[in-house]
Amino acid sequence: MRTFSKFTFNIDHSLGNYKFLQLVDQVNEAVNHNELTTGDILPSVNQVCDDCKLSRDTVFKAYAELKKQGIIESIPNRGYFVARTNPKVLLFLDTIKAYKEVLYASFIENLPKNFSVDVHFHHYNIDVFEQIIKSSLGKCSKFVIMNFDHPRVSRIIQQIQADKLLLIDWDIHGKPEHSFVRQDFGQPVYDALLKHLDIIRKYERLIYLYPEFTYHPEISKKYFRKFLGDYQLKGFILDDYKQFNVKRGDLYLLVSDRTLACFLDQCEEKRLQLGVDVGVISYNETPMKKYVKNGITVLSTDFVMLGKMAAAFVLQGQPLKHTVPTNLILRNST
């Protein structure tokens, strides 16, 4: 075991978070950036107490937490040393869906193998959201979070140091100091539809099914109405899933794969041919949509790029503000 004498803690006594968490975070951050490696000795409890003006209980609590995480170990009469150097990242997604698997795979593939990734899903439950974040403080070097529209979200994510937090997919409740890699559910959707206006005009009506169980951003409805009005298209937003009744000559925009399955079932029952009798645009690309019914047209951001950029933030730690493009990928269903 070699001695590491240069590492020091820097405690900000003005911060609201617990002092022991600052100690834990700084060790994890040093491990993440190879400032501490396996076998390196940490400052003694007494040294940290003297240098940082902290109580012994605070320092013991921090070292105990790091031991619990497996980051450090201790040897009687010799002190504490770094036991492993695999940084831990929290990847916090909303729900389990096929396109989230694409994002996850891209994220993992672009991280070194020594990184440990904790994957959790909040399912839009604010209590679960808060619990997972609280339990991850001090344990993770970076936080990649897909948040959602709830008044408590802003307060909860404020507990995370801004330089450790990346908001992905939906940049809502973020502060100016927060990094993000997002998709825009407004103007880019309008622009993507406009590029293929000739295809849309083939149909009598353009109908946006926005069921009551969706969490899709409301701003998409505003830009859908604007698109209809600007180009004098017939259509409407249907928000009552029970009233969903597929009719010949219509083109449907669907934000849920659950509604896509219902649409395909109705087409089968009514013997409607996709791309001829009726059309569909499904939100969010998944691997299978290329092949279902000879191809489903999708309106989607690039989830591979989103995952890759999230991994780059974890590795480089540089501020990041990027909007991933949204495109309409034409297939046989239109």
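The values are calculated or read from the model by the stated rules, or taken from the named source; none is laboratory data. Keep in mind that this is a model prediction, so the values were computed, not measured. Neighbour counts run over all protein chains shown; Cβ positions are idealised from the backbone, glycine included. Accessible surface areas use protein heavy atoms only, side chains included; no ligands, DNA or RNA. Shrake-Rupley method; radii C 1.70, N 1.55, O 1.52, S 1.80 Å.
Observations on the model:
- Matching option when the condition is farther than 30 Å from ASP230 by Cβ, charged (D, E, K, R) and open to solvent by less than 60 Å² (accessible area, probe 1.4 Å), among GLU130, GLU177: GLU130
- Near pairs, Cβ below 6 angstrom, 6+ apart or cross-chain, from the range 1-30 (more than 24 Å from VAL314 (Cα to Cα)) to any residue that is at pLDDT below 85 and open to solvent by less than 50 Å² (accessible area, probe 1.4 Å): none
- Contacts under 7 angstrom Cβ, first residue in the range 95-117 being under 14 Å from LYS289 (Cα atoms), partner of a type in the set (D, E, K, R) and open to solvent by less than 40 Å² (accessible area, probe 1.4 Å), 6 or more apart: TYR99/GLU285
- Considering residues of the range 306-329 that are open to solvent by 70 Å² or more (accessible area, probe 1.4 Å) and out of contact with any helix residue (DSSP H, G or I) (no Cβ under 7 Å at 6 or more places or on another chain) only, the residue nearest to SER220 (Cα to Cα): LYS321
- Inspection of the range 254-265 finds a residue satisfying the criterion of being of a type in the set (Val, Ile, Thr) and under 22 Å from TYR215 (Cα atoms).
- Wholly within the range 10-69, helices (runs of 4 or more DSSP H) carrying at least 2 residues that are open to solvent by 10 Å² or more (accessible area, probe 1.4 Å) and modelled with pLDDT of 90 or more: 45-52, 56-69
- Pairs are defined by a Cβ separation below 6 Å, a sequence spacing of at least 6 or placement on different chains, a first member in the range 222-247 that is among the aromatic types (Phe, Trp, Tyr), and a second member that is open to solvent by 100 Å² or more (accessible area, probe 1.4 Å) and not in a loop (DSSP other than H, G, I, E, B); no pair meets this definition.
- Scan of the range 261-305 for residues that are open to solvent by less than 70 Å² (accessible area, probe 1.4 Å), among the β-branched types (Val, Ile, Thr) and within 20 Å of PHE244 (Cα to Cα), ordered by number: VAL278, VAL280, ILE281, ILE296, THR297, VAL298
- Residues in the range 216-257 that are assigned to a helix (DSSP H, G or I), open to solvent by 60 Å² or more (accessible area, probe 1.4 Å) and more than 19 Å from GLU204 (Cα to Cα): ILE219, LYS222, LYS242, ASP257.
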